[in-house]
Structure formats: structure tokens, C-alpha cells
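Throughout, read-outs are computed from the coordinates displayed, never taken from laboratory work. This one's a predicted model, so the numbers in the text were calculated from it and none came from an experiment. Quick reminder, even Gly has a Cβ in these numbers, built from the backbone with ideal geometry, and neighbours come from all protein chains shown.
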Amino acid sequence: MSIFTPTNQIRLTNVAVVRMKKGGKRFEIACYKNKVMSWRSGAEKDLDEVLQTHSVFTNVSKGQVAKKDDLSKSFGTDDLTEICKQILAKGELQVSDKERQSQLEQMFRDIATIVAEKCVNPETKRPYTVSLIERAMKDIHYSVKASKSTKQQALEVIRQLKESMQIQRAHMRLRFVLPAREGKRLKEKLKPLVKVVESEDFDDQLEMVCLIDPGCFREIDELIRCETKGKGSLEVLSLKDVEEGDEKLE
Amino acid sequence: MGHTSLEKLIRLQRKTSSIRNICILAHVDHGKTTLADCLVASNGIISTRLAGKLRYLDSREDEQIRGITMKSSAISLHYAAGESEYLINLIDSPGHVDFSSEVSTAVRLCDGAIVVVDAVEGVCPQTQAVLRQAWLENIRPVLVINKIDRLIIELKLSPQEAYTHLQKILEQVNAVTGTLFTSKVLEERAVKEVEVQEALSEPSSGELVYDWSAGLEETDDSHLYFSPDQGNVVFASAIDSWGFSIHQFAQIYCQKMGVRSEVLQKTLWGDFYLNAKAKKIMKGAQSKGKKPLFVQLVLDNIWSLYDAVVTRRDKEKVEKIVASLGLTVMARDLRHSDPKVLLSAICSQWLPVSQAVLSMVCEKLPSPSEIGAERVERLMSVGTRRFDSLPEKTQELKQVFLDCTSEETAPVIVFVSKMFAVDSKALPQNRQRPLTQEEITQRRDLARQRHAEKQAASQSAENPESANAGGTPAVTSANTLTVKPTAEEEEKEHFIAFARVYSGVVRRGQRVFVLGPKYDPALSLRTLPDGCSAADPLPSVPHLACCTLEHLYMLMGRELEELEEVPAGNVLGIGGMEEFILKSATISTSPACPPFTPLNFEATPIVRVAIEPKHPSEMPKLVRGMRLLNQADPCAEVLIQETGEHVLVTAGEVHLQRCLDDLRERFAKIGISASKPIIPFRETVIRPPKVDMVNEEMGRQQKVAVIHQAKDEQSKYPEGVHVDSTGLVTLTTPNKMATVGIRAVPLPEEVTRLLEGNSELIRTMEQFSLFAREGKTLEISQKTLEEIQGFKSKLEGLLQGHKWRNAVERIWAFGPRRCGPNILLNSVEGYRRPSVWQCVEREKEKSEAVMLRDFDNSIVSGFQLATLSGPMCEEPLMGVCFSVESWEIKFSSQLTQQDSVEEDSVSQQALEADNNASGRTAQSIILDENLKKSKRKGDTTDCYGPFSGQLIAAMKEACRYAFQAKPQRLMAAMYTCEIMATADVLGRVYGVLSKREGRVLNEEMKEGTDMFIIRAVLPVAESFGFADEMRKRTSGLASPQLVFSHWEVISSDPFWVPTTEEEYLHFGEKADSANQALKYMNAVRKRKGLYVEEKIVEHAEKQRTLSKNK
């Protein structure tokens, strides 16, 4: 629109409204945009930077101030600042795009960090860097869900990344000691769960060192405990089988 | 000047005395490649018209675009002076600092060097560097003062002024040489003095006379300096293709003036003038205000030529000059609109630069057979080993070096200074050559046949009965088969070794030894049978390999010519060595040959970047490409770090750019991105500081009520955690069964360092106690035991005082990863557990009743997790001691039984939940029989999960709170930085250092030079771009080197807010002035996606809230 046409709708600028229902009544306060989340997380400490005014409204856009009686009835106090703080802490608000964006970005990073920590390149047994994982996540168009926990999403991401690149969860190194009697039978059962058998020693009892996928640990543990009735033992040698130290390429 | 045939060059290769191996060295943009062009043009390889514009030896695309040389490349030239013919192996080298490694590789193969200096700019930083390099390699330099035309056209100097200017430049160059000489003499004297002092170690010599003379006077240095009358200086303008030495003009004028040419040569440069009346050459031109001879006879002529041709464009005068010089200039050139064309047409006939330079090279620079004994010894004695200490057989080889014969009996000695990659297309065996007549007919026949077949096939398609399709498909399939391998071949990069034969004759197909840089002849002489050769089957010797020389090439700039054999003294390329040689090596037929001393690199690689492929699936290609790059570049380093980063270390930004281009286009052929490498930090606690941020004493001041701490102290801690004022944290597990009390104490710095240095020993101890718990024993060698004992006593020595009483004995564990620089201390009353020092004291303590409490392992696991990632930014802890002061468990016996069995699985889950799982070595507790029996009974767990898991989590949390209760600090990795700089840029060096939080440790002057050596420490976090900034700010006069040295506590508190009155006054309420530690901490937290206490907008009122069209 090139010509400025007056609208008869009043727009509130730079205002974020925080609402709360208490005692059957609706209360609103007028805050600055992008500030309420900072206040809740504790980054913003100055209340005046958050509140436009210390008064409490029933409707901010119409400018209707809440009645004193209602306030003291619902909140048990008539200290406006105290009431504002309560509403700020517990009220509902529309999260602004900036706030949402920064939150999602943070979660995205967090997921990438978790993936990078848990996984290795199966060829070199070395971890991938976080930035590489981030790029890979963007390549597969992974979208972060704000409602699910980052760890849950990280496991999901690992599954999806396996299709496009060389990645796997870092193996766990285990050692079982099984009584000879049950050793043979159990070995057959364990076989599908074990990735690599590093050493096997069968004299009076079966001793095995092997690498497994961390996802199977609980299953293996359960199996050994139930089948051997507590006679076999299981020992975690390392949680993450990765190469350590720097390597010079030559 | 016709094209020199290859046969002629090959014939010349045999005459060692007529070979000159030279390289061209100079500062960047002083005209090395232009000069090389002129020399190449003299052999008819390129047109003289194009000389100076083509830059023939810059064969890479980016070299042409940027206009700087990046790789040294060699070419063999022919030069005839009178009857004698010479073969000149010319190596052009880059001048940019970043590529000084290429200079080193070039200098090593040469016997002489042409140092080019810009007549306007004079001596520049790289000029000094190359002179130093030539000096260190003991090769003889000659000087070319280039771009004299700029003095005439740009600066518009008069001949007289130009003369003084040239004199000054010559003085500068000689001054550099002089410093090199004096520093060497002083060094030798210092060595001698040390020897003398060792000899006179007894202070009996009371009347020791100190020798003040410093030995400078005794050593003759006149032969080192450049002087036109010595004939080792050429004045030139390579772009206009002229150049001359005094010698040439002396020849011209001796007849005209009737003066003997020797006299003229002596007097043409210097303070001499011509007395016209007396027809005599007199001294003292300057004092008498006369024109020096050089101005009168040489410069004036050149000036008048330029004046006529370029400035005034006086046709008649030009013709007169041309006629008087006896030259013939083509009419085409005379008419040309650009005067430069005419100028170079005249000059290249009158004073051809190639003539002047090459004759100087042939006369003044040594041939390979004149190699000095000193240089040989230096080449042969690796590192600090003296030549005398080499085995006798090796010493005998010195004579071989000196002889430099190409006889059959002489052992072959070749040095490979670098490997360079070429496309397989460029190799002679793959190159397209003109077809011979026979081949053409053959092809014609083939084409005809195919045509006929096609016709037959089409006919047969019409009448399918007569189809005899047997022949055609077979032919086509054969064709496709031959096409495929060539396509693959083109993909592959071929490496060619850039080498020189020092002795013997190298032949194609010869079996030779390849000696790595660390090869020791003394060792192999013992193991190898006498008189063995590379063809025999041999026992394996470290750093020794056998191989066959597959291809030998003569290097002709961008082309290669295949050779059958190469005699001694020549520069050559060897193909097919990429399997055996990484970067440089020595090749010999005699196992007694020592490896040559490693190249002295002026610049060490310091610019670090992390490299990633654009598409994560292309990782293997990147790794392969980086390997190739490492081989192809003498100075680049590549490594994979523990974090999984692929790091490329280069000498400078330009070098980095080239390496990245190489990776993208040649070696990896994928899209890559380079970024700042990840910087590690450590977290630690310190003793409470006594003074505040404004250096006022704390305690006496009244704390101001702080709005920042509106949320009250205790509310930070969740339920079940209690922190008292001394930093003791007591924490109860959620099921209220166990309580631990923990205190964090900073470890003394020396202890941290000791722990860090002995992580291997700690690992061994840990393994031992692990085995001991299972009832097995691990055999440890006596030496290791002694080392452990020593480590323990050292630790005891460092942990002195009231606080640490008996601390060493009470150590419970080390962490993280069970061997790190943090300690868990057992201060629980009445709990005696097996000591970590079991392995050293197993004899005496066996009998005593020491028992592990249940869940001992959970405590250790919790500690390991806590030390692996600290509360500040999830980086490992360092130098923290957690002392467990109390540990109470109140629970029914039934619960113990159930839980301790489950401990393993549970601890595992707890670790997973903390997602910090790495490198922990958990192990099961060996259970008592009765526990096992009763375990099935109580399989119900309470709502908080298994107990041992709770204990791990509780322990970890307690450690974190204990850590937070103390003043926390971040530790930064530090580089030690050594900077060589001249006195005039010292201030700038300090400026750059202080801008990047560097701290100067000391500075000292290098004896005999005007160079300062500054040692400083610099945080790794600030080092990105440091080298580049340093070079830019000091115009390349300071060159830094960075080496990782240690971890250092950053003194500022990342959580600091002003609390005292003084601090309020000084910093204000918000204190938003830069806090280094906070900056680092937030950067790491942001990278990891942790919560950062940062506002989305700083000022609520100042945000723009309306979109444009509202």
C-alpha cells in the first residue's frame, strides 16, 4: 500500500499479553515482547524491563484495569507488583517467533551434541563432530519437536542418519563369565545380540569379551541373569569403544 | 636461438663439470618468474615476445590468476658460451612467506642461487629469509638487481641518483650477508668457548685472558659479499628483457677507450671517474663532483635509450641509436604502437638478460663436482649427531659425494626433497604424440573395416537370415574394455619425486634402498650382510625399504621428458615412488648411506583449521584426499583429533587457501568447508580470592544488597541438598536411604601437573586393583613398580601440610576415565578400603582386614561422571579433589541384597540417563553366595528406581554442588609462542599479543643480529587468525611459532557480578564490561546447545516490533 490509509483498529505495539485465570476471573498484564521467557529463565532480572506497567488489567487491548476487590479476592493481596510477578510466573502467553526460534535452535544443537557423543564413524571408530551432525540433520530435513525430549529425538535422528551416512552408535565392550554348563546354550542365544566377539576362553567356565550395541544391553543383562540364575556375571569394560588420542594422517 | 633438442641435454647431463643446479630466490613480486621466463625463452621453448608475460613455470591455474608462484618447478636449459656448453637445471621458487617450505626443498637440491632484488623496494623480509636459507644450506648466491626500468620510468631518477640508489641496495644486501656471517662466527665461538670451558673445568687458570676479538677479524669474509667488480652482480630489467654485468661493458669499452678491460672492470663500479683531458681513470668522483664511471658509461646510455624510445618516442633518434649499436630491428617492431615492444626488441639484442645471467651463473656458481666438504658433512650428519660419530663405512661415502662421478662402480645416492602431484595426462607415457604414418594407415584401415561392418550389419538387419553377428559385438566389447581403465587412470593422481643425484648413475628399473628420515645406517650395517644390494632378499630394517625405480623424468617446467638413465649431479623426477616415500627421503644402493639432514623450514605450520565435507557421506573421500595432500605438500600437516575433527595445519592463509583448493579440485574432488577448530577447556576450583575485582581487600567492605541475587541462595539447591558455609555438601538419595557429604578442594598446581604426566602409571595401578578385586593378579614389571613408587613419593612430597595429612594413602580414585588429574579422597571415618597403591605394597598389607563396603563402586562411578563434565560448560574437570567426609547408609538388609546384584545394570542405566557415558570402566562386585540366593526374593524396587543408580546420581550431583560451592574457574589451553622480529616492529608485535590476551614471558636479542626473540603465552582460543594478523601488522617482519604448552586458570570469575561498594563504583550495576571467562563459557555452552543465560533482546523499549506494511 503506497498511500497510508488510517485503520480503525488500534494495534498494540511492542506488547506481549500474559493472561491468567484465577478465582473465576481473567487477569492480564502488559509486558514487552521477547522478555517474558527471559524473565522465567532468570536471565532478565529487572522487572521494569519486562513489565510495561505495574497495573493489572482484565483486558489489555481495551485498557480495562482490573478492580481492586477482584484482585484482593483472587490473589489475597493488593500489592500490584507482587500480583504481576505471580501472573508472570504462572500465566499463559503466546511465545513470540524470536523466542521460539531461539528455543528450537538450542534444542537442535542439543540433539546434535547428543548424537555426536553417542555415535562413531564405523570405519575409523572416531566420533563425528557436532557441526557435521548438524549439517547432516539439515540435509535430511529433520525438524525439531519442542514437545519431545532432546534425548528421544536424538535416538530418532540416529536412526534416520543411518540411511544417508556411515554412522552407528558407539559399541559397548562387555565381558561375561558364564558357568560351563550353561555356556553353550547361552552362547547361541547371545549370538544375535552381539556385534563382535573379541576373545573367547572356554575352560572351566566360558569367558567372553565382545562388543554390543548399547540398545541391546538391557536384553543381554536380563538374559544372563535369568538363564544362569545369578551364577554368570556381566561386566562392562567400556561404555564407548572409540579411538583415543590424536592420529597423524600419513 | 633454436629449440634445444632433448638429445643434446641428455648428452650434457654426463659432463658433471658443465652442469649448474641453480634456483631463483627472492621476495614475493621481485620478478623471479619473469626472469625465469627470459631464461627459458633463450632456449626457444617460449617466444621471446611472450617472455615475462607468460610466466611459463607457473603451471597451476591459481598461480596464473593470483600472479604469484606457489610451487617450485624445475626446467633444464642449455647454454653455450664460446666452445663450452652448459646444462643449467633451473628451479624457480615461490617468494611468498607461506611457501617458504617450497624454497627449502628447492635450495637443498641446488649448488647455487640467483637472488633477485627489486631495484625500487630493495631488501625485503623474504629477501633476508632466502639469503639465510641459502646460507644455512651452504650454497653460493649471485645477485640480480631487477626492475631497473622502474627507476627510470616510475621514479624518474637521474642516472646519478639511480647509481646512489643501487649502491644503497647493494649495501643492504651485503649487510644481511654480513649479519649471517657474524652470527655464525659468534655461534662457533660460543661452541668453542663451551668446549674450552669444559676443558678447563678446574679453576686453576687464574690468569685466564679473555679473548675480546670474537674471532671476527681472523675469519675472512670478503668472498661472501656481492660486488659488481667481482662479477657476481647483474643489473637487469627482466620485463624489458635486458640485463648486464660490469664485465660486458668492460668488454665493450676497452676497445673504444683503449683501456685494459681488467682495469675497466675494477673501476667501472665505484668511486672512479674519467679524466677526459688526461685520459685517465681517477679515484674520488664523489668528492670532486664528477660523474662516476658507471654513470657515465653505463647508466647514461640506458637512460638515453629509454628517453628516446619510451618517453619521447623520437623515431629518428631511435634509428640512430639502433644503427650505432649495430642492431637490426624489424620494421614491424619499429611501427608498433606500444613503445615497450620496440624497447624490448632493441634491448634483447643489445643486452640480452639471459646472456648476462647465464654467463654469470656458469662462471661464478659451482658445478656439482665442486661440492664443499663442509656441506657434505652437514648433509650427512643428522640432527645433533656429529659427522665423526657416523659409522666408518658411512664416512667413506663422503669421498663419493666429493667425487660426484657417474661411474658404474660409484654407489647411487639420490635425495628426494619433495613429492609433487601431476595429472596422469601430463605423464609422457600417456601423452598424445603425433601419429606416425603407419599408425595413420592402420587407423584408416580400421575405420574402413568398421564402416564395412556397419553396412553389413544394416544389411543383415534387412535380411536377418544372413546375419552373422559374431564379429561385431566382440569388437565393440573390446573397445569398451579398453576405454574403461583409461578413464580410471585419469582419476588418479601421480606423484613424482623431485630429486637430485649426488653420486652414481640412476637407471630405469634399478633396485634401490629408500631410506626414511629416521633411518640409522649404523643399525642396518650390523643386521645386513656385507656387500648386499637392494635386489637381494633382506631382513627388514626400520625405515628402510627396497623399490624399483620405474620412471625417470627430466623436468621441463610443466612437461616431463622420459629418460633411461640420469648421471650424477642432475636434478630429476622419479615416478612411481608414492608407496615408499612420504615427503622426502634418501635413495641409495648402499645401505651405509645416511639419510640426509631434514630440510630447514623457515616457517612451521601454525594455521589450524578443521575441515569437513559438505556432504557427511563423503568422509572417506576427504580422508583419502587429505592423505594425498599431506604427501604432496612439504609443509602441510593433517591429523584427526580425538574429537573426530580433521585438522589441517598450514603455514599461512595463502598456503591454506591453496591446500583447500587442491583438496577440492585434485585430491578429494568434493565440496569441503573449513572452520575454526573446537577449542577445549577445563574446569577447576580455586581458593577463595582475598581481593575483589578492583583490588580492594574483601571482607572489610560491606556487601551491598544486590538485586541480582534476589532469588535467595538456598533456593538454588533442590530438596535433599544441604550446603554449609564451608562448602560441605550433604545430599540424600531420593529414597532417603543414603547420605553423602562431600567437599571440593583445589589441588596444588604441581600435583595436577604430576597427575597429568603419569596417567599411564595410574592406568596400570587401576588395572591391578581391578584384577585384585577379582582375586587374580596382574604381573607388573619391576621397572613400572619402581616408577609407581617414585610417583607416590613425589605425590607425598607435594601434598604437604595440615590439610593433606595422610592424603596420599587415602586416595580413593582418580578421574575422569580413572586416570585423570582429579582425586577422590576417602575421609569417611572408620572406612578402610583397599588402597589404590595395592600393587606396590601387596606384601605387607595382605593380612590386614580391608574390605570394600557395598556400593563402593557407585561412589567411584558418580565421581567419574562428575569429573568428566563439569557444571560450567560440561568440560572435564582438572585439579579438583573431592573429599568424601561422610557416607551413611540406613536400610534393611533385604534391600541391599536385592540391589547390589542389580548394581551393574542399574549403574549402566544411570549413566545412560546422564548421557555422559564415556570411557568408564565399571565392573561388577563379586557377590557372596548367600546374596545370590536371596536375590530373587526382593525383586520389587521402590518408586525411585534401583538404589545403586540413585547413589551414582546422588554422588554425581553432590560433586557438582560441592564444585559450585567453591569459586569456580575456567582453564584455557595455552600455546607458547616464539616470535622472531626485528627491532622496528617490536611495538606492533606487542600490540597484537596484548590484543589477543597474550602475555610476554621474555624477550632477548639474538647475538650478532638485530633480531629479537620474544617468548609469550597465548590462549589457544585466541590463536585463530593470529599468525595472519601478526604478519600483516608487522609487514612480514615477525614470524610466530606456536606450540601447545599447558593449561592455565583464567583469573576472571565467569559468574562474577559486582557485590562490593568499590566494584559498584568501578563497574556499575550490570558490569557488562568484557568478562573473558564468561565469554568462553557461553561460547562453549552455545556450541553444545546448553542453556545460556542470555536475553533475547537487551533493551525492551528499543526493539522494532512493527512489520513493514503495518
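Side notes on the structure shown:
- Reducing the stretch A:101-148 and the stretch B:105-161 to their Cα centroids gives an inter-centroid distance of 55 Å.
- Ordering of B:494-502, B:829-837 by burial proxy (mean other Cβ atoms within 10 Å per residue, highest first): B:494-502, B:829-837
- Environment charge of B:PRO746, counting only residues whose C-beta is closer than 10 Å and scoring Lys/Arg +1, Asp/Glu -1: +2
- Averaged over the residues of B:643-652, the number of partner chain Cβ atoms lying within 10 Å of the residue Cβ comes to 4.
- Chain A: angle of helix A:130-139 to the longest principal axis, Cα-based, in degrees nearest 10: 80 degrees
- Likely footprinting exposure, B:TRP135, B:TRP812, fewest C-beta neighbours within 10 Å first: B:TRP135, B:TRP812
- Legend: calculated FRET efficiency, B:SER47 to B:ASP984, from the Cβ-Cβ distance at R0 = 51 Å, rounded to 0.05, equals 0.70.
- Ordering B:PRO616, B:PRO595, B:PHE580 by Cα displacement along the dipole of the stretch B:576-628 toward the positive end leaves B:PRO616 in first place; charges were set at the Cβ atoms of Lys, Arg (+1) and Asp, Glu (-1).
- Summed residue charge, Cβ within 11 Å of B:SER584's Cβ, Lys/Arg positive, Asp/Glu negative: +3
- Applying both filters, DSSP loop and at most 12 other Cβ atoms within 10 Å, to the GluC sites (Glu not before Pro) of the stretch B:256-342 eliminates every site.
- Computed [θ] at 222 nm, deg cm²/dmol, chain A (DSSP H ≥ 4; -39,500 (n - 2.57); rounded to nearest 500): -11500 deg cm²/dmol
- Cα-based shape type of the stretch B:7-55, given that a ≥ b ≥ c are square roots of the gyration tensor eigenvalues and the cut on a/c is 1.5: oblate
- Relative contact order (percent, whole number), chain A, Cα cutoff 8 Å, 6+ residue spacing: 14 percent
- Overall form of the stretch A:1-85 per C-alpha gyration tensor (a/c, 1.5; a/b vs b/c): oblate
- Each of the peptides B:30-38, A:130-138 was scored by the mean count of other Cβ atoms within 10 Å over its residues; in descending order, highest first, they stand as B:30-38, A:130-138.
- Length added when fully stretched, B:GLU564-B:GLU188, from 0.36 nm per residue minus Cα-Cα: 130.9 nm
- Global form of the stretch A:114-250, assessed from the alpha-carbon gyration tensor, a/c cut-off 1.5: prolate
- Subset of A:LYS25/A:LYS85; A:LYS22/A:LYS67; A:LYS35/B:LYS966; A:LYS85/B:LYS956; B:LYS966/B:LYS995 violating a 23 Å alpha-carbon distance limit: A:LYS35/B:LYS966; A:LYS85/B:LYS956; B:LYS966/B:LYS995
- Peptides ranked, highest mean first, by Cβ atoms within 10 Å: ranges B:596-609, B:14-27: B:14-27, B:596-609
- Averaged over the residues of peptide A:212-224, the number of Cβ atoms from other protein chains lying within 10 Å of each residue's Cβ is 2.
- Cross-link partners of B:LYS418 among lysines, defined as those whose alpha carbon lies under 22 angstrom from its own and excluding same-chain residues fewer than eight positions apart: A:LYS248, B:LYS32, B:LYS71, B:LYS492, B:LYS518, B:LYS583.
- Among the residues of B:361-374, the average count of other protein chain beta-carbon atoms within 10 Å of the residue beta-carbon is 0.
- Comparing A:ALA89, A:ALA116, A:ALA43 in a Gaussian network model of chain A where C-alpha atoms under 10 Å apart are linked, the largest mean-square fluctuation is found at A:ALA43.
- Listed from fewest to most Cβ neighbours within 10 Å, the set B:HIS1066, B:HIS336 follows the order B:HIS336, B:HIS1066.
- Model label sites at B:THR409 and B:ARG526, defined 7 Å from Cα along the beta-carbon direction, differ in position by 3.1 nm.
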